[in-house]
Amino acid sequence: MEKIHDLKWLFLDLNSYFASVEQQENPALRGKPVVVIPTDTPHTCAIAASYEAKAYGIKTGTIIRDARRMCPGLICVQARHNKYVDYHNRIIEEVVKHTPINKIWSIDEFDSRLPPSKRNEKSARDIAMRIKHGIWNNIGPAISCSIGIGPNTLLGKIATDMQKPDGLVILNPVDLPGRLLDLQLTDIPGIGINMQRRLNRAGITTMTHLWNISPKQARKAWGSVQGERFWYWLHGYDFPHQETSRSVIGHSRVLDPSLRTPEKARLMARRLLTKAVQRMRKQNLYAGTLGFSATVRGATYDQNFKWYGDIRLTPANDPFTFLAQLETLWGDMRAYFESHYNLRSPVFKKVSVSLTRLCQREQITGDLFDTPNPETREKSEKQQALAKALDHLQAKYQKETVTLGVPPKTLAGHVGTKIAFSRVPDKEEFWE
Ligand SMILES: [Mg+2]
């Protein structure tokens, strides 16, 4: 752990990302109140709102029925996740022209560890302006970002939230606490309503209180070592995320001849993944990358073609999240074999799954970024509860008595979310 005296980190947050992409794609939407919705019903909620819609009090999570009441001229656009992924990739390509990207936190948030020679206010500001101009010129004028620069990623993220849209805020460690004291506790990523209550009970009601407690008191207030980590982050220290000893949990299977059809191979991949996720859960780990590979038979018996793909996501440990992402990879793999080798129904020889970027719960940086969407949060809580129930059954019966069908997609904006599924699982998907 090290106290940072310069501007080591740049954090970038795209403003109203999904809504901005829609405004970029369709100039008629620019300057108008626009929300992005997952399905076209009045019961759904906004998964993104343009700044013009935000002016009416509409935000992510607002029910569309209410949103229309708040803003009669509201334009609702159905989400196009593939577009958001395309733009994400193009924006990354643009940003790396100006500074290396260290970590992709979500579809609309990245950070950069600035090179040592650039960690001063002038150079950092210059990089930020070049990124902004690059996005304006090469991606499009409807896409804007807020950039925060600070001694660590938490302070960088806080700085992006201080000015939206199109912000550039520098939190220089020598000026701390400075503007931090103007914030509410809940403005800090990682402090939601529940944590605020907890802190209030510990006598901490303002940012000034929070700033003045000791690391030990922070640990006590949080009830975990996370509080102490948080304290050091807030005070401008930086430390690497603890690496876990394991770096990968994976399973692979060479398929019996009777299991080589696409549908049976797919079920095997799902089964391997469910087992890998269960192993990971037993070790209280989370994974931020799902990898999948498949080997299929070529034109002759001993000719093999192999495909590998992976998806990065906010670290998760419930099987539903990974099974949904596996479907996306499976679709990409089928498309690849069909377009490259004209294999519409390949003969599968082997399937493998891997879970990497493993970390512990308190290392999840997504933790810092509480999801604001109540629908997403509720869904993820239900999934956690169901996953726990499955763990329990597993432990009780010591075999795979219960497994999972294909779940509906969550709304979470994971990179690579491309295909929506919603169907009742087939009987054969319940193994044994
Ligand atoms: Mg954003």
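Numerical summary
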read-out	value
Contour minus Cα-Cα distance for Met1 and Arg361 (0.36 nm per residue)	127.7 nm
FRET efficiency, 1/(1 + (r/R0)^6) with R0 25 Å, evaluated for Asp166 and Asn120 via beta carbons	0.65
Listed pairs Lys282/Lys382; Lys103/Lys132; Lys59/Lys97; Lys275/Lys306 exceeding 30 Å between Cα atoms	Lys59/Lys97
Ranked Leu155, Leu183, criterion: other C-beta atoms within 10 Å, fewest first	Leu183, Leu155
Estimated FRET transfer efficiency (Arg201, Val347; beta-carbon r; R0 35 Å; 0.05)	0.05
Qualifying trypsin sites (Lys or Arg not before Pro) in segment 272-369, DSSP loop, other Cβ atoms within 10 Å at most 11	Arg344
Neighbourhood net charge (11 Å Cβ-Cβ; Lys/Arg +1, Asp/Glu -1) for Val174	-3
Asn82 versus Tyr336: modelled label distance in nm, points set 7 Å from Cα along the beta carbon direction	1.8 nm
Qualifying GluC sites (Glu not before Pro) for segment 171-271 [loop in DSSP, other Cβ within 10 Å: at most 12]	Glu243
Likely footprinting exposure, Trp307, Trp233, fewest C-beta neighbours within 10 Å first	Trp307, Trp233
Exposure proxy order (Cβ contacts within 10 Å, fewest to most) of His251, His133, His88, His43	His43, His133, His251, His88
For Leu255, distant residues with modelled amide H under 5 Å away	Lys350, Val351
Charge tally in the Cβ shell below 13 Å around Ser112, where Lys, Arg are +1 and Asp, Glu are -1, Ser112 excluded	+4
Residue-span extension gain [Val254 to Gln384] - 0.36 nm each, minus C-alpha spacing	43.7 nm
Contour excess over end-to-end distance, with Cα ends at Arg69 and Arg113 and 0.36 nm allotted per residue	11.4 nm
Spin-label model distance (nm) - Asp40 vs Ala28, 7 Å beyond Cα toward Cβ	1.4 nm
Under-5 Å amide H pairs with Leu114, H placed in peptide plane, nonlocal only	Trp9, Leu10
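A short reminder: the numbers here are calculations on the coordinates, not readings from a lab. Bear in mind that the values here come from a model prediction, so they are computed numbers and not experimental data. In this analysis, Cβ positions are derived from the backbone assuming ideal geometry, glycine residues included, and neighbour counts consider all displayed protein chains.
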